[in-house]
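Visitor: The structure follows.
The values are calculated or read from the model by the stated rules, or taken from the named source; none is laboratory data. Bear in mind the structure is a predicted one, so any value in this text is a computation, not a measurement. Quick reminder, even Gly has a Cβ in these numbers, built from the backbone with ideal geometry, and neighbours come from all protein chains shown.
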Amino acid sequence: MLDLVIRDANLPDGRTGIDIAIDKDRIAEVAPGIRAEAAREIDASGRLVTPPFVDAHFHMDSTLSYGLPRINASGTLLEGIALWGELKPHLTREALTERALEYCDWAVGHGLLAIRSHVDICDDRLLAVDALLEVKKTVKPYLDLQLVAFPQDGYLRSPNARDNLARALDKGVEVVGGIPHFERTMADGSAAIRALCEIAADRGLMVDMHCDESDDPMSRHVETLAAETRRLGLNGRVTGSHLTSMHSMDNYYVSKLIPLMAEAELRVVANPLINIVLQGRHDTYPKRRGMTRVPELMAAGLTVAFGQDCVMDPWYPLGAADMLDAASMGLHVAMMTGSDAMRACFMAVTENPARILGLGGYGIAPGCYADLVILQAADPVEAVRLRAARLHVIRRGAVIAETAPAAATLHLPGRPTSVDYTLASKAGPPDRQARRAS
């Protein structure tokens, strides 16, 4: 007797009519027409079943703090950093924990079951570190939370950042972070990258740096990051987040830079919602989009993900823990409207960030964890288009969240009584045509 069987699922790789058999916390079989009894069956009815959404770049210590102690009047990155500096002395562990847990609740409802969060270590109390380590333990049964030791005020620029970062890693924070473009000089930025990568190499840790989050095409710290990755043998363990200056670099330099990044097997996280809001603030018209060169990086074979970055904090007043928002914005900003490109945007909030976080047992195959999301959509493109409802969210074989299907009832003369925004495709739910004719 199996614990759960999902019937008639569409998978992200294009397979349709697939059953997924789950035994305890693992996937036992993936095939059409599985003949087995189960304690529970869910009929996907031709809807998309995907591994959970993953956010490879977030700031959980600041989330849901919008308006504290004031609103970012200019909407700029630098005012957001200054505002966070004003707020830090007034933070309490209880408030940080409460806001983080509330955000994790939102995430679960949207099928987001793994998050990499940067945590500021420039507060000598390490209050946010302690709070998020506690949150990590609390949410472990239903959400994977990976923490990055992030020197928000600069590793060399902030007086106690070196000691604080080491203390945070000793406490259990598992990724080394940095912000080289915020150091006082370009030389200091390069020195910070070298020092931080050496720490990661010595401790056997991964690296994830805020890198070149600037409109300045001469902010080229990603070059140093890639070179240090190769020098220290950190290939595949280092992520460059944001990389917005690449949007403004000349094509000749980028033609040399991207192959270096590929040789280092650098991971990349773009944050479309935040990049499009914070970058180009000094422009009149035309205004730069500010997001890094996602299609070109993907074409070079780099693993590229989209992150949420911020939700209702000093930098961004919106957001809802919905990674399909990030996928949709990334698709539009990068002009990725081809069929394969749109599917790549879905992968940028599922499989790609899972690879960046190094999540074990992720996927839809025998032996993988039974972590799945059933969406009210037939395929990945439709899911992005509709920000599809997460009908069932499954963690280790147990349903932990459900959402009723989205529907509209019309009261129009001579028109159908209901409306369906999904495509009339044969791959979709079999009752779709009937609903259209109702």
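Visitor: With 19, 25 as the choices, which residue is more than 30 Å from residue 272 (Cβ to Cβ), in contact with a Gly (Cβ under 8 Å, 6 or more places away or on another chain) and either surrounded by fewer than 17 Cβ atoms within 10 Å (Cβ to Cβ) or assigned by TED's automatic domain parsing to the domain that holds residue 83 (or both)?
Guide: Just one listed residue meets the conditions, 25.
Visitor: Next question. What single numbered condition from (1) under 23 Å from the mean Cα position of the chain (by Cα); (2) among the aliphatic types (A, V, I, L, M); (3) at negative phi fails to hold for residue 64?
Guide: In the conditions (1) under 23 Å from the mean Cα position of the chain (by Cα); (2) among the aliphatic types (A, V, I, L, M); (3) at negative phi, residue 64 misses (3) alone.
Visitor: Can I ask one more? Which strands (runs of 3 or more DSSP E) sit wholly inside segment 236-332 and have at least 3 residues that are in contact with a Leu (Cβ under 8 Å, 6 or more places away or on another chain)?
Guide: On the way: elements: 238-242, 267-270, 304-306.
Qualifying strands (runs of 3 or more DSSP E): 238-242, 267-270.
Visitor: Just one of the numbered conditions (1) buried (at least 16 other Cβ atoms within 10 Å of the Cβ); (2) out of contact with any strand residue (DSSP E or B) (no Cβ under 6 Å at 6 or more places or on another chain); (3) in a loop (DSSP other than H, G, I, E, B) is not true of residue 60; which one?
Guide: So the condition that residue 60 fails would be (2).
Visitor: Looking at the structure I just gave you, is residue 155 part of a loop (DSSP other than H, G, I, E, B), modelled with pLDDT of 95 or more and either touching a Gly at 6+ places or on another chain (Cβ under 7 Å) or assigned by TED's automatic domain parsing to the domain that holds residue 212 (or both)?
Guide: It is true that residue 155 is part of a loop (DSSP other than H, G, I, E, B), modelled with pLDDT of 95 or more and either touching a Gly at 6+ places or on another chain (Cβ under 7 Å) or assigned by TED's automatic domain parsing to the domain that holds residue 212 (or both).
Visitor: For segment 182-207, which positions are surrounded by fewer than 19 Cβ atoms within 10 Å (Cβ to Cβ) and in contact (Cβ under 8 Å) with a residue 40 or more places away in the chain?
Guide: If the condition is that a residue be surrounded by fewer than 19 Cβ atoms within 10 Å (Cβ to Cβ) and in contact (Cβ under 8 Å) with a residue 40 or more places away in the chain, then 195 is the only one that fits.
Visitor: Say we look at segment 208-235 and pick out the residues that are outside any loop (DSSP other than H, G, I, E, B) and hydrophobic (A, V, I, L, M, F, W, C); which of these is surrounded by the fewest Cβ atoms within 10 Å (Cβ to Cβ)?
Guide: Among them, the one singled out is 227.
Visitor: Another question about this same structure. Is at least one residue of segment 95-116 closer than 22 Å to residue 182 by Cβ and buried (at least 22 other Cβ atoms within 10 Å of the Cβ)? Quick ask: steps written out before the conclusion?
Guide: Step one: filter segment 95-116 for residues closer than 22 Å to residue 182 by Cβ, giving 116.
With buried (at least 22 other Cβ atoms within 10 Å of the Cβ) added as a condition, the list becomes 116.
Yes.
Visitor: All but one of (1) in contact with a strand residue (DSSP E or B) (Cβ under 7 Å, 6 or more places away or on another chain); (2) outside any loop (DSSP other than H, G, I, E, B); (3) of a type outside the set (S, T, N, Q); (4) surrounded by 24 or more Cβ atoms within 10 Å (Cβ to Cβ) hold for residue 392; which doesn't?
Guide: Just one mismatch for residue 392, condition (4).
Visitor: Further question: Consider segment 252-271. How many of its residues are surrounded by fewer than 18 Cβ atoms within 10 Å (Cβ to Cβ) and touching a helix residue (DSSP H, G or I) at 6+ places or on another chain (Cβ under 7 Å)?
Guide: Total meeting the criteria: 3.
Visitor: Scan (1) in contact (Cβ under 8 Å) with a residue 24 or more places away in the chain; (2) out of contact with any Pro (no Cβ under 6 Å at 6 or more places or on another chain); (3) over 23 Å from residue 113 (Cβ atoms) for the single condition residue 72 breaks and write down its number.
Guide: (2)
Visitor: Scan 348, 326, 300, 320 and give me the residue that is assigned by TED's automatic domain parsing to the domain that holds residue 73, closer than 30 Å to residue 79 by Cβ and surrounded by fewer than 23 Cβ atoms within 10 Å (Cβ to Cβ).
Guide: Selected residue: 320, the only one of 348, 326, 300, 320 that is assigned by TED's automatic domain parsing to the domain that holds residue 73, closer than 30 Å to residue 79 by Cβ and surrounded by fewer than 23 Cβ atoms within 10 Å (Cβ to Cβ).
Visitor: Sort through 364, 400 and tell me the only one that's among the β-branched types (Val, Ile, Thr), at pLDDT 95 or above and surrounded by 19 or more Cβ atoms within 10 Å (Cβ to Cβ).
Guide: 364
Visitor: If you don't mind, there's one more thing I want to ask. Residue by residue through segment 111-149, note down the ones that are part of a strand (DSSP E or B), of a type in the set (A, V, I, L, M, F, W, C) and under 26 Å from residue 48 (Cα atoms). Spell out how you get there, then give the answer.
Guide: To start, the set of residues in segment 111-149 that are part of a strand (DSSP E or B) comprises 112-120, 144-149.
When the remaining residues are screened for being of a type in the set (A, V, I, L, M, F, W, C), the result is 112-115, 119, 145, 147-149.
If the condition is that a residue be part of a strand (DSSP E or B), of a type in the set (A, V, I, L, M, F, W, C) and under 26 Å from residue 48 (Cα atoms), then 112, 113, 114, 115, 145 are the ones that fit.
Visitor: Are any of the residues in segment 340-350 closer than 30 Å to residue 177 by Cβ and touching a His at 6+ places or on another chain (Cβ under 8 Å)?
Guide: Within segment 340-350, not a single residue is closer than 30 Å to residue 177 by Cβ and touching a His at 6+ places or on another chain (Cβ under 8 Å).
Visitor: While we're looking at this one, here's another question. Looking at segment 201-231, which of its residues are in contact with a Leu (Cβ under 7 Å, 6 or more places away or on another chain) and of a type in the set (Lys, Arg)?
Guide: Residue satisfying the conditions is 203 alone.
Conditions tested, residue by residue: (1) over 28 Å from residue 376 (Cβ atoms); (2) not in a helix (DSSP H, G or I).
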residue	(1), (2)
28	no, yes
34	no, yes
72	yes, yes
75	yes, yes
78	yes, no
82	yes, no
85	yes, no
95	yes, no
104	no, no
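Visitor: Next question. Output the number of the condition that residue 14 fails; it satisfies all remaining conditions of (1) over 30 Å from residue 346 (Cα atoms); (2) not in a helix (DSSP H, G or I).
Guide: Checking residue 14 against (1) over 30 Å from residue 346 (Cα atoms); (2) not in a helix (DSSP H, G or I), the one that fails is (1).
Yes or no, residue by residue, for (1) of a type in the set (A, V, I, L, M); (2) closer than 25 Å to residue 354 by Cα:
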{"position": "31", "(1), (2)": "yes, yes"}
{"position": "34", "(1), (2)": "yes, no"}
{"position": "40", "(1), (2)": "no, no"}
{"position": "43", "(1), (2)": "no, no"}
{"position": "81", "(1), (2)": "yes, no"}
{"position": "92", "(1), (2)": "no, no"}
{"position": "96", "(1), (2)": "yes, no"}
{"position": "99", "(1), (2)": "no, yes"}
{"position": "125", "(1), (2)": "no, no"}
